[in-house]
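Colleague: Just passing along the structure, written as structure tokens.
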Amino acid sequence: MKKGISLLVTLSFLTTYLVGCSTDSGGNTTSQSNSSSSASGSKKTITLWTFADTHKQYYDEMKAKYEKDHPDVNIKIELLEYTALYDKYTVIAQSGGKGAPDLIDVEQGAFPRYIKGDVPFEPLNSYLETADLSNAIPKGRLDLYTVNSNIYGIEIAACVSALYYRKDLYDAAGVDVSKLKTWSEFMEASKPLLGKDKFVLSGSEKDQGLFEQLLRQEGGDIVTTDGKIGFDTPTGIEVLKRIKDWKEQGLLSKTSPEGPQFWEAYTKGEFVAAFGPDWWAGQLVQNSPDLSGKWAAVPMPLGGPSSVPTSVNGGTGLALSKFSANKDAAWDFLKYTHLDTDNIVDSFHIINLFPALTSATKSPDLHKESPTTKYFGGQDIAQLYADLGTKAPSQNQAWWRSLVGKAWDKFEPDYQNGKMTPEEFLGKVDKELQSLIDAEQARK
């Protein structure tokens, strides 16, 4: 869910993280895992790391409820910057586990860095079997965190994508977006809304994220179902050409602001539409409150002959650290936040994460009024996600997926400057990625 993942760990960074310690509920400093109890009868402290503000918001609500029913447990939620979180855990894992959290949100794009060699997470298969929850979440969502049949993370969100658009602006232009079934129709109908510094969609100097989402919509993926490189294909080339064409027509911006300025651009009407998963809509609700009542959502427009009206993008699995000193207590909180039907329904109403948990997707309470439905003009957006979920494509995993960005970045500047065609670009990225994979395998 985050761009620009850095894999560099400096010496000072290493030193800082190895010194890390925690404080238990009695204020005593410990040098072991944050789950340690200082004395017999004291509270157990379960520490959870997350990188997302929205996730922390949900965890904070669950913490208050859980601690009320479990007075012997203290839940400590820590919000870390994305790259810092994974660099920190990497250092801790390579250094014996001292200072590790009990639970850690592992974004699916960061997961590959931990699965080549010893996996620093606890397999959850037996926990799921004991709780009779092995089939509680669709296999496709668990596969993102599965290695050699061992499940290392429990997904919270289905991550199905929809098209979001400024209904007030399209209505004023006389455009009924719900009747536009293809990308060509949608983009053509959107042209009257363009202007100086006004675009349909937000783009960037790096097309990889957009490319991956649209590629999955067309039935492809960066990784094939059998673990091979999957993007240098006729479908991949057509998707990249589509992105290039949108930029040349001024439909897609060539750069994008970062941080708060990104959401300010939506508030100002610089971007009038977007496509993305449930968590993207949740961020919109949180960061652009002034636009409440002005947005609507529909299935994604179709592209090629194999296109489906949705995609999948991202995902975060809550993992149990293999270094936790209180694994059973940590698992109990994981089960409480990710596998309890009522709590997962609450997560949708709190932060708009449409459930991966099958029992929650069938709950009537999912469709009651919430801040999200109010934001989207009363629309039952949960029903839209539920309908799209039956058509959602797969998102495949491989240990080398974290290398794709490195190969992509090597050639993107020349590609964006017009020095190579989409065909040439994808061919070079494919070849470079294979070289990186071969080099990693040779180190075994």
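The values are calculated or read from the model by the stated rules, or taken from the named source; none is laboratory data. Values in this document were obtained by computation on a predicted structure and should not be read as measured data. FYI the Cβ positions are ideal-geometry reconstructions off the backbone, even for glycines, and counts take in every protein chain you see. Protein only, heavy atoms only, side chains kept; ligands, DNA and RNA dropped before computing areas. Shrake-Rupley method; radii C 1.70, N 1.55, O 1.52, S 1.80 Å.
Colleague: Which of the peptides 377-383, 346-352 is most tightly packed, and how do the rest follow, going by the mean number of other Cβ atoms within 10 Å of each residue?
Modeller: The densest-packed peptide leads the list: 346-352, 377-383.
Colleague: Classify the stretch 67-157: rounded, prolate or oblate, from the alpha-carbon gyration tensor (a ≥ b ≥ c, eigenvalue square roots; a/c under 1.5 rounded; otherwise prolate if a/b is larger than b/c)?
Modeller: Cα axes put the stretch 67-157 in the oblate bin.
Colleague: I need the peptides 250-257, 161-168 ranked by packing, meaning the mean over residues of other C-beta atoms within 10 angstrom, with the highest value on top.
Modeller: By packing density, highest mean first, the sequence is 161-168, 250-257.
Colleague: Another question about this same structure. Please report the relative contact order for the chain, taking Cα pairs under 8 Å with a sequence separation of at least 6, and give it as a percent rounded to a whole number.
Modeller: 22
Colleague: Measuring from a point 7 Å past the Cα of Q286 along Cα-to-C-beta, which residues in the stretch 68-92 have an amide N at less than 13 Å?
Modeller: Of the residues in the stretch 68-92, 79-82 have backbone N under 13 Å from the label point off Q286.
Colleague: For the chain, what proportion of DSSP beta bridges, expressed in % and rounded to the nearest 5, is antiparallel?
Modeller: 70
Colleague: Sequence neighbours fewer than 8 away in the same chain don't count; with that in mind, list the aspartates and glutamates whose C-alpha is under 18 Å from K228.
Modeller: Reachable aspartates and glutamates: D143, E212, E218, D430, E432, D438, E440.
Colleague: Measuring with a 1.4 Å probe in the full set of protein chains, what accessible area per residue, in whole Å², belongs to the chain?
Modeller: On a per-residue basis, the chain sits at 43 Å².
Colleague: Related question: Tell me which residues come under 5 Å, amide H to amide H, from T182 once H is placed; ignore anything under 5 positions away on its chain.
Modeller: L302
Colleague: If you find the alpha carbon centre of the stretch 145-214 and of the stretch 42-89, how far apart are they in angstrom?
Modeller: Result: 31 Å between the Cα centres.
Colleague: Taking 7 Å along the Cα-to-C-beta vector as the label spot, tell me the D132-S184 distance in nanometres, rounded to one decimal.
Modeller: Going by the 7 Å Cα→Cβ label model, 5.4 nm.
Colleague: Oh, and also: Roughly what angle does helix 404-416 make with the longest principal axis of the chain, taking Cα atoms, 0 to 90 degrees, to the nearest 10?
Modeller: 30
Colleague: Under 5 Å between amide hydrogens, which residues at least 5 positions from V147 or on another chain qualify, with H placed 1.01 Å from N in the peptide plane?
Modeller: Y152
Colleague: For the stretch 221-229, take each phi angle, set θ = phi - 60°, evaluate the Karplus expression 6.51 cos²θ - 1.76 cosθ + 1.60, and give the result in whole Hz per residue in order, putting x for glycine and proline.
Modeller: 5, 4, 10, 6, 5, 9, x, 9, 5
Colleague: Sticking with this one: Can you tell me the order of 414-427, 332-345 when each peptide is scored by its average per-residue count of other Cβ atoms within 10 angstrom, highest first?
Modeller: Highest-to-lowest ranking by the protection proxy: 332-345, 414-427.
Colleague: Okay, moving on. Counting only other residues whose beta carbon sits under 12 Å from that of G230, what net charge do I get with K and R as +1, D and E as -1?
Modeller: Within the 12 Å Cβ shell, the charges total -3.
Colleague: Also, I was wondering about something else. Give me the lysines in straight-line cross-link reach of K167: C-alpha distance below 25 Å, same-chain residues under 8 apart excluded.
Modeller: Hits, sequence-local ones excluded: K179, K181, K191, K196, K198, K247, K254, K268, K294, K368, K374, K391.
Colleague: Can you give the percent of C-alpha pairs in the chain whose distance is more than 35 Å?
Modeller: 31
Colleague: To the nearest 500 deg cm²/dmol, what mean residue ellipticity at 222 nm is calculated for the chain from DSSP H runs of n ≥ 4 alone, each contributing -39,500 (n - 2.57), summed and divided by the residues?
Modeller: -12000 deg cm²/dmol
Colleague: Set the Förster radius R0 to 35 Å, insert the Cβ-Cβ distance between K368 and L436 as r into 1/(1 + (r/R0)^6), and round the FRET efficiency to 0.05.
Modeller: It comes to 0.10.
Colleague: In whole Å, what are the extents of the stretch 307-444 along the principal axes defined by its C-alpha atoms, from largest to smallest?
Modeller: In descending order, the Cα extents are 52, 46, 23 Å.
Colleague: Starting at the first residue of the stretch 358-374, write each ³J(HN,Hα) from the Karplus equation 6.51 cos²θ - 1.76 cosθ + 1.60 with θ = phi - 60°, in whole Hz, x for Gly and Pro.
Modeller: 4, 4, 6, 5, 9, 7, x, 5, 5, 9, 6, 4, 8, x, 6, 5, 5
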